[in-house]
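Pasting a structure below so you can have a look.
The numbers here are math on the coordinates, done by the rules we state, and not lab data. All values reported here derive from a predicted model rather than from experimental measurement. Here the Cβ is made from the backbone with ideal geometry for all residues, glycine too, and neighbour counts use every protein chain on show.
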Amino acid sequence: MRPTIRLAAFALCVTALPSRAAVLPDDRADVLYHRYEGGGVTVDGPSLLVRKNLAEKYSVAANYYVDLVSSASIDVLSQASPYKETRQQGSLGLDMLNGKTQYSLSVLGSEENDYSSTTASFDVSQDLFGDLTTVSFGYSQGWDDVRKRGDPSFSEPVDRRSYRLGVSQVVTPSLIMGFALETITDEGYLQNPYRSMRYRDDDVPAGYAWAPEVYPSTRTSNAASLNARYFLWYRAALHGEYRYFTDTWGVDANTVRVGYVQPVGAQWTLEAGYRWYDQSRADFYSDLFPSANAQNFMGRDKELSTFQSHMYSVGASYELPSFGWKFLQRSTINLFFDYTNYDYADFRDVLKGGAPGAEPLYQFDAAVYRLFFSGWF
Amino acid sequence: MRPRSILAAALLTLSLTAGAAPPAPAPAPDFALPSRDGSEVRLSDLKGQVVMINFWATWCGPCRQEMPLLEQLQARYEPLGFTLLGVNVEPDPAAASAWLKGVPVTFPILFDTRNAVAESFGVQGMPSSVFVDREGRVRYVHRGYKSGDEAQYADLIRSLVKE
Amino acid sequence: MRALIVPCLCALLGAAGCSNVEPWVKPYERQNLADPIMAADSNPVASSYLNHVFEVREGARGALGGHGGGCGCN
């Protein structure tokens with residue numbers, strides 16, 4: 001069972017929105033090792049980034065990212081056998097600064113043996129009103145090709161479009177707030193070709209049987225978020241964010257995130273955070289349908305079920321002493337750890353056995369590690 | 001809100017049209033600020049010289065970038081009757097002093113810790129360079145810094161020292 | 001919140017029509033906002049990876065990340 005990483009390409013492109021309009025981002029190189037362990041899935045790999053300013057007007061960035069997947073997740077074990085897979089992704093970005101306006105263009109491509117994705121993005125960010133207000137908007141277009149291992153003739157397209165708008169406002173010399181809106185439309189083959197839904201079948205000893213999922217071919221989602229960053233007088237920072245999400249599939253979600261950053265001495269920076277996520281299920285989601293043709297659309301993706309997650313994060317950054325290289329202005333070594341508990345309200349763990357529809361509800365914990373070196377030159 | 005001085009309004013107009021020739025020059029607001037060695041520097045004492053007042057801060061990237069180039073300007077034009085004043089706008093002078101250890105400069109660094117001088121000059125961007133002629137009048141305000149601006153500074157200084 | 005509404009309207013209508021409201025945080029008062037700990041995203045590679053994990057594990061997507069702030073230079 002392939003993890004639902006079809007929108008990963010999108011995510012990485014979307015988060016590459018320009019952060020400041022009046023000054024280009026610094027030249028830098030980052031080398032990251034990432035690792036996810038949870039629910040029977042282990043994914044790790046590198047992510048490399050290089051960014052360079054040209055002629056004080058342009059900034060180019062290149063990123064190479066790999067996911068090495070080893071999956072024995074509940075979806076996989078329920079219906080298939082553990083598998084290993086590699087996903088590679090590369091992106092190129094170009095920022096151009098013209099007075100108080102920054103233009104960003106980027107292209108991202110991702111490839112695995114049964115999924116290809118390309119995303120192109122354009123963003124504009126404008127500083128206004130004495131640099132107190134920043135307005136940004138952007139558009140992304142994505143093209144995916146969904147394939148299926150074991151069926152060479154299977155190839156389905158997905159068309160993805162994202163429309164973004166953001167406003168950030170300096171409120172006091174210590175407080176900046178912002179809001180963001182994003183609408184995403186998907187069209188095409190939006191389901192997982194390997195996953196099945198299950199339905200009650202009294203003719204079978206187990207009491208239930210599997211059948212292919214049927215998903216709508218379109219999805220439109222809207223997200224709105226509010227965020228704030230506050231500088232504490234003794235030199236620390238508080239970050240907060242709230243996001244509301246709703247879509248045409250019936251998924252409604254709330255995200256609340258808070259973070260605290262504390263420099264310690266001249267070289268250390270410590271961070272801690274908490275994130276709460278709450279989601280209500282898609283209309284066509286069910287853990288167990290009453291029959292094989294209960295509805296037009298039926299799915300059993302736990303990521304579209306009703307669930308809550310709590311994430312606890314800690315991180316530390318250490319500023320490395322100057323190596324005496326004139327080339328490297330500054331460098332840091334960083335370790336971030338995030339621990340998440342996922343608690344499902346209507347997705348059941350069929351591996352634990354029990355009467356159909358009465359198996360224990362699924363829950364699992366995941367640990368994410370990010371170890372990286374950053375250098376500024 | 002305090003009523004804006006006519007000068008500040010004029011400077012506001014100047015900075016909004018950064019790069020355009022100014023209207024009739026107005027006298028620069030006088031000030032006296034402490035410098036690094038403890039002595040006070042008064043702008044009116046420098047009448048007869050061309051003065052470039054550079055408002056800067058250690059947290060401002062372009063400010064840090066232009067500092068060594070300002071030192072070069074000082075070295076080159078000081079014999080012709082030119083002085084650069086680096087006015088640091090941070091509330092704590094320690095930050096500037098620490099940073100300057102790595103980028104030594106010979107022109108006076110003044111501390112405008114309460115931002116009274118920055119406000120009287122109507123500073124609209126960081127960094128800002130105010131060019132004052134030998135008669136103490138503001139002739140030009142340059143807002144921001146980009147690579148190559150030091151050539152513009154040199155042209156302005158040359159034209160003002162010739163007067 | 002009132003402090004937010006007027007500048008937001010100004011931002012949307014364009015700066016040209018709002019010269020009667022002065023920016024209340026001066027360019028030389030941006031020390032705290034320019035501090036690296038106040039940056040919206042100081043580790044883009046690390047944060048984009050975590051956002052990727054969220055998109056894979058959850059149904060919601062989009063509207064993440066803050067912007068603006070910083071030194072407001074140039």
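When the dipole is taken about the Cα centre of the protein assembly as shown, and only Lys, Arg (+1) and Asp, Glu (-1) are charged at their Cβ, what size is it in debye, to the nearest 20? Walk me through the numbers on the way to the answer.
On the way: 55 positive and 67 negative charges, 298 e Å.
Rounded to the nearest 20 debye, it is 1440 debye.
May I pose another question? Starting with the fewest neighbours, write out A:H239, C:H52, A:H310 ranked by other beta-carbon atoms found within 10 Å of each beta-carbon. Provide the component values of the computation, followed by the final result.
Details: A:H239 19, C:H52 25, A:H310 15.
Listed from fewest to most nearby Cβ atoms, that is A:H310, A:H239, C:H52.
Okay, moving on. Can you return the lysines within cross-link range of B:K47? Criterion is Cα-Cα under 26 Å, with same-chain partners fewer than 8 residues away left out.
Counting by Cα, and skipping residues close in sequence, B:K47 has these lysines nearby: B:K162.
With label points built 7 Å along Cα→Cβ from the Cα atoms of B:R137 and A:A62, find their separation and express it in nm.
Result: 5.6 nm between the two label points.
Given only helices, namely DSSP H runs of n ≥ 4 each adding -39500 (n - 2.57), what is the per-residue ellipticity at 222 nm of the protein assembly as shown, to the nearest 500 deg cm²/dmol? Please list the in-between numbers first.
Working: 10 runs with 97 residues, N = 614.
After summing the helix terms and dividing by the residues of the protein assembly as shown, the value is -4500 deg cm²/dmol.
Separate question: Averaged over its residues, how many other protein chain Cβ atoms are within 10 Å of peptide A:175-181's Cβ atoms?
Numbers: counts 6, 10, 6, 7, 4, 6, 2.
Mean partner shielding for this stretch: 6.
Continuing with this model, one more query. With unit charges on the beta carbon (Lys/Arg positive, Asp/Glu negative), name the residue among A:F336, B:P25, B:C60 whose Cα is farthest towards the positive pole of the charge dipole of the protein assembly as shown.
Highest projection toward the positive end goes to B:P25.
PRE reach from B:A98 (point 7 Å along Cα→Cβ): which of region B:44-84 fall under 14 Å by backbone N?
B:58-59
How well do other chains shield peptide B:52-65, expressed as the mean number of their Cβ atoms within 10 Å of each residue Cβ?
Working: counts 0, 0, 0, 2, 1, 8, 2, 10, 10, 9, 6, 3, 0, 2.
The mean count of partner-chain Cβ atoms within 10 Å per residue comes to 4.
Then there is this: Rank-order A:44-50, A:132-138, B:48-54 by packing density, defined as the average count of other C-beta atoms within 10 Å over each peptide's residues, highest first. List each step's numbers first, then the result.
Working: A:44-50: 18.1, A:132-138: 23.6, B:48-54: 20.9.
Sorting A:44-50, A:132-138, B:48-54 by mean packing, highest first, produces A:132-138, B:48-54, A:44-50.
Moving on to the next point. For region A:200-252 and region C:22-74, what is the centre-to-centre distance using only Cα atoms, to the nearest Å?
Value for the Cα centre distance between the two parts: 22 Å.
Long-range amide H contacts for A:T306: which residues qualify at under 5 Å (H placed 1.01 Å from N, peptide plane, sequence gap of 5 or more or a different chain)?
A:R281, A:A345, A:D346
Separate question: Pop out the ³J(HN,Hα) list for region A:164-171 in order, Karplus 6.51 cos²θ - 1.76 cosθ + 1.60 with θ = phi - 60°, rounded to Hz; leave Gly and Pro as x.
10, 9, x, 10, 10, 9, 7, 9
Applying 1/(1 + (r/R0)^6) with R0 = 60 Å to the Cβ-Cβ distance of A:K326 and A:R200, what FRET efficiency is obtained, to the nearest 0.05? Mind showing how you got there, number by number?
Working: r = 71 Å, r/R0 = 1.19.
For R0 = 60 Å, the calculated efficiency reads 0.25.
Taking the beta-carbon count within 10 Å as an exposure proxy, list A:M311, A:M96 from fewest neighbours to most.
Values: A:M311 20, A:M96 15.
Fewest-to-most Cβ neighbours within 10 Å comes out as A:M96, A:M311.
Oh, and also: Work out the P(r) tail for chain B: percent of alpha carbon pairs separated by more than 25 Å, whole number.
On the way: 3035 of 13203 pairs.
Percent of Cα pairs beyond 25 Å in chain B: 23.
Run the quick spin-label model on A:F337 and A:T172: label points 7 Å from Cα toward the beta carbon, then report their separation in nm to one decimal.
My value for the distance between the label points is 3.5 nm.
Follow-up question, since we're still on this one. Short version: ³J(HN,Hα) in whole Hz for each residue of region B:84-95, in order, from phi by Karplus 6.51 cos²θ - 1.76 cosθ + 1.60 (θ = phi - 60°), x for Gly and Pro, what are they?
9, 10, x, 9, 8, 9, 7, x, 10, x, 4, 4
At R0 = 25 Å, how high is the FRET efficiency between B:Q152 and B:E78 if r is their beta carbon distance? Nearest 0.05 is fine. Write out the running numbers ahead of the final one.
Details: r = 19 Å, r/R0 = 0.75.
About 0.85, to the nearest 0.05.
Among all the lysines, which ones have a C-alpha under 23 Å from B:K101's C-alpha, if same-chain residues fewer than 8 places away are not counted?
Within reach: A:K326.
Just check chain A against the gyration tensor rule for me: Cα atoms, a ≥ b ≥ c as the square roots of the eigenvalues, rounded for a/c under 1.5, and otherwise prolate or oblate depending on whether a/b exceeds b/c.
Values: a/c = 1.82, a/b = 1.72, b/c = 1.05.
It comes out prolate by the Cα gyration axes.
Is there a simple number for the mean count of other chain Cβ atoms within 10 Å of the Cβ of residues in B:75-85, and what is it?
Values: counts 0, 0, 0, 0, 0, 0, 0, 0, 0, 0, 0.
Mean shielding by partner chains, rounded to a whole number: 0.
Distance in nm between label sites at A:V107 and C:V21, each 7 Å beyond Cα in the beta-carbon direction?
Computed distance between label sites A:V107 and C:V21 equals 4.2 nm.
What FRET efficiency comes out for the pair A:L181/A:K148, r = Cβ-Cβ distance, R0 = 41 Å, nearest 0.05?
Numbers: r = 35 Å, r/R0 = 0.86.
Plugging the Cβ-Cβ distance into 1/(1 + (r/R0)^6) gives 0.70.
Right, another one. In what order do C:C73, B:C60 fall by count of nearby beta-carbon atoms within 10 Å, going from fewest to most? Each step should come with its number before you reach the end.
On the way: C:C73 24, B:C60 28.
In increasing order of surrounding Cβ atoms, one gets C:C73, B:C60.
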